Amino acid sequence: MNIILLGPPGAGKGTQARLLEEKYGMVQLSTGDMLRASIKRGEPLGLEAKKLMDEGRLVPDDLMIRMIEDRIQQADCQKGFILDGFPRTVKQAEALDAMLDRHHKNLDAVVELKVDEDALVERVTGRFTCAKCGAGYHSNFKPTKVEGICDNCGSAEFVCRPDDNPETMKTRLKAFHEQTAPILPYYREKGLLKSVDGMASMVNVQQSIEAVLKSLRKG
């Protein structure tokens, strides 16, 4: 089964993709991670992208599509994939459809994580991570049991993502509305769009997404 997870930054797409990956053997395809890995491995597409980025230019859609095209043909993607962070525009969605058609593949669903944006800003801007083991916390919703000490490994070193602040978050939400939100009607017209409550607990969001997948299998 091949799906896209859609939603504004901080909606929990990456978390849910990892949970689906663990349970169903689907492969999470985060284009940002794919791009960084390709550059690190010195692959032709990665080096092409790095050259553009070093020049201060955006990575073009066709290069990202080629990277996804290469990835979905690998053996581990045969059980299905989860696109996280792509497509971001209608043009990218159209290019993705055309590429999948060439390989006789299709999307089974586009799952939108609907969120309350004011609550989302609060949820995202309180996040911090253990610098040693990567355990995630939140100053309001999931603080450490002992202040300043990681529950998992006992480290006292923590990091915050530089873009996890209210101003940056509002800018990212604005960009989402202007660029990405228009692809929702695109997929709705194709009958692929399914919506779940992205503000529910992680477990409840997971169950809602799994319910969507089960309904597709029955269909």
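Here, each number is a calculation from the coordinates, and none is a lab measurement. The shown structure was predicted, so the numbers you read here are calculated from the model rather than taken from an experiment. We place every Cβ from the backbone using ideal geometry, glycine too, and count neighbours over all the protein chains shown.
Take every DSSP beta bridge with both residues inside the chain and express the antiparallel ones as a percent of the total, to the nearest 5.
Around 30 percent of the beta bridges assigned by DSSP in the chain are antiparallel ones.
Taking amide H positions as placed 1.01 Å from N in the peptide plane, with prolines and chain starts having none, which residues 5 or more places from F81, or on another chain, fall under 5 Å of its amide H?
So F81 has HN proximity to N2, I3, V27.
Taking θ = phi - 60°, what integer Hz values does the Karplus form 6.51 cos²θ - 1.76 cosθ + 1.60 yield along segment 145-156, in sequence order, with x for Gly and Pro?
Result, rounded to whole Hz: 4, 10, 4, x, 10, 5, 4, 7, 10, x, 5, 10.
Quick query: amide H of S30 versus all other amide H atoms, modeled in the peptide plane; which residues come in under 5 Å with a sequence gap of 5 or more or a different chain?
D84
Put +1 on the Cβ of every Lys and Arg and -1 on every Asp and Glu Cβ in the chain; which of G154, L100, C133 then has its Cα farthest towards the positive end of the dipole?
Of the options given, the answer is L100.
Using the Cβ atoms and a cut-off under 13 Å, what net charge is assigned to the surroundings of A135, where Lys and Arg are +1 and Asp and Glu are -1? Don't skip to the answer; put the middle values down first.
Values: positive: R127, K132, K142, K145; negative: D151, E157.
Summing Lys/Arg as +1 and Asp/Glu as -1 gives +2.
For the chain, list the cysteines whose Cβ sits under 4.7 Å from no other cysteine Cβ?
Lone cysteines by the Cβ rule: C77, C160.
May I ask you to derive the relative contact order of the chain, considering only C-alpha pairs under 8 Å and at least 6 residues apart, and to give it as an integer percent? Could you put the intermediate results ahead of the total?
Values: 280 pairs, mean separation 57.6, N = 219.
The value is 26 percent.
Farthest toward the dipole's positive end in segment 22-128, which of A75, L63, V124, given Cβ charges of +1 (Lys, Arg) and -1 (Asp, Glu) about the Cα centre?
It is A75, whose Cα lies furthest towards the positive end.
For segment 101-115, what does the Karplus curve 6.51 cos²θ - 1.76 cosθ + 1.60, with θ = phi - 60°, yield as ³J(HN,Hα) per residue in whole Hz, taken in order and with x for Gly and Pro?
Couplings: 4, 4, 9, 6, 10, 8, 8, 8, 6, 10, 9, 8, 8, 7, 9 Hz.
Any idea what the dipole of segment 70-219 comes to, in debye rounded to 20, about its Cα centre with Lys/Arg Cβ at +1 and Asp/Glu Cβ at -1? Numbers along the way, then the final one.
Values: 22 positive and 22 negative charges, 90 e Å.
Its charge dipole is roughly 440 debye.
Could you please report the charge total around N106, scoring K, R as +1 and D, E as -1 over all other residues with beta-carbon less than 12 angstrom from its beta-carbon?
0
Using the alpha-carbon centroid of each, what span in Å lies between segment 1-23 and segment 113-151?
Spelled out, the Cα-based centre of one part sits 18 Å from the other.
Taking amide H atoms as placed 1.01 Å from N in the peptide plane, list the residues 5 or more away in sequence, or in a different chain, whose amide H sits under 5 Å from that of G7.
Amide H neighbours of G7: L113.
What's the angle, to the nearest 10 degrees (0 to 90), between helix 61-72's Cα axis and the longest principal axis of the chain?
Helix 61-72 and the main axis of the chain meet at about 90 degrees.
Please report the relative contact order for segment 9-128, taking Cα pairs under 8 Å with a sequence separation of at least 6, and give it as a percent rounded to a whole number. Walk me through the intermediate numbers first.
Details: 90 pairs, mean separation 39.9, N = 120.
Reported as a whole number, the value is 33 percent.
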